[in-house]
Amino acid sequence: MQKILAEMADESTGAIVFFVGTVRNHDDGERVLAIMYEAYDEMAQEILEKIESEVMARWPIKKFIAVQSTGYLKVGEISVVVAATSPHRQEAFDACKYGIDTIKTSIPVWKNEKVESGEKWVKGVLLNVE
Amino acid sequence: MNTDHESNKNTVRVRLFGFSSRVVGKSEIKIELTGRTSISDIRRTLLSYYPALMSHNIPFVFAVNRKVVVESTVVTHLDEVALLPPVSGG
């Protein structure tokens, strides 16, 4: 997080917006103990870069970062960070919202929740043909 | 299905993610190519060897070289195929 904040600093911008996603302690009425995030790394990276290009083309954003954690994460740990910096705040908010909304439906990452009754795969959405 | 010592040109690498790697017990397998092999053929072959992929009632699509494709897409031994269950990133 500190590293991302340092990267986002820019004298020409007046706004830095962060979205930080963390592991929640409940899902679908059950207590969650931890989540294993599995990723198709090479494809996920390509899609994150594509999202970044889309954001930069659509809004006057100076810098945009999207990072997805993978591996075993405990409740409260950071799973995803999306950050944008721009001259004014509106575009930074819009870019971050677009970033996280798109990440949730388009990157090849799968959550396996460790719950009290065992483990279960989060339902998710099927990726569309490109 | 084939074993590792058979010719590489006759097989395509299929990476497995999410529930599918648990069902198969591996993170990738090799599927034999016979004539023009499509993703639809690969799906059929996988389900015939691992029918438990169906019993989970979890749908999946395929990517070829990191792009999601239609089932009629033909693959060669040079392609990387991946089975992608519904995603839940973020």
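Quick notes on this structure:
- Look at region A:90-119: where a residue is farther than 25 Å from B:S20 by Cβ and a partner is assigned to a helix (DSSP H, G or I) and of a type in the set (V, I, T), sitting 6+ places away or on another chain with Cβ atoms under 7 Å, you get A:A95/A:V55; A:Y98/A:V55; A:G99/A:I51; A:G99/A:V55.
- Qualifying residue in region B:48-58 (condition: without any contact (Cβ under 8 Å) to a residue 12 or more places away in the chain, surrounded by 14 or more Cβ atoms within 10 Å (Cβ to Cβ) and more than 12 Å from B:L16 (Cα to Cα)): no
- Filter pass, B:E32 being within 14 Å of chain A (Cβ to nearest Cβ) and in contact (Cβ under 8 Å) with a residue 12 or more places away in the chain: no
- The criterion of at least 1 residues that are over 30 Å from B:E28 (Cβ atoms) is met, among strands (runs of 3 or more DSSP E) falling completely within region A:33-106, by A:63-68, A:78-86.
- Within region A:18-57, being hydrophobic (A, V, I, L, M, F, W, C), over 21 Å from A:E77 (Cβ atoms) and in contact with a Lys or Arg (Cβ under 7 Å, 6 or more places away or on another chain) holds for one residue alone: A:M43.
- Filter result (of a type in the set (S, T, N, Q) and modelled with pLDDT of 95 or more) within region A:23-55: A:Q45, A:S53
The values are calculated or read from the model by the stated rules, or taken from the named source; none is laboratory data. Treat the numbers as computed from the prediction; the structure is a model and nothing was measured. As a convention, Cβ positions derive from the backbone with ideal geometry for all residues, glycine included, and neighbour counts pool all protein chains shown.
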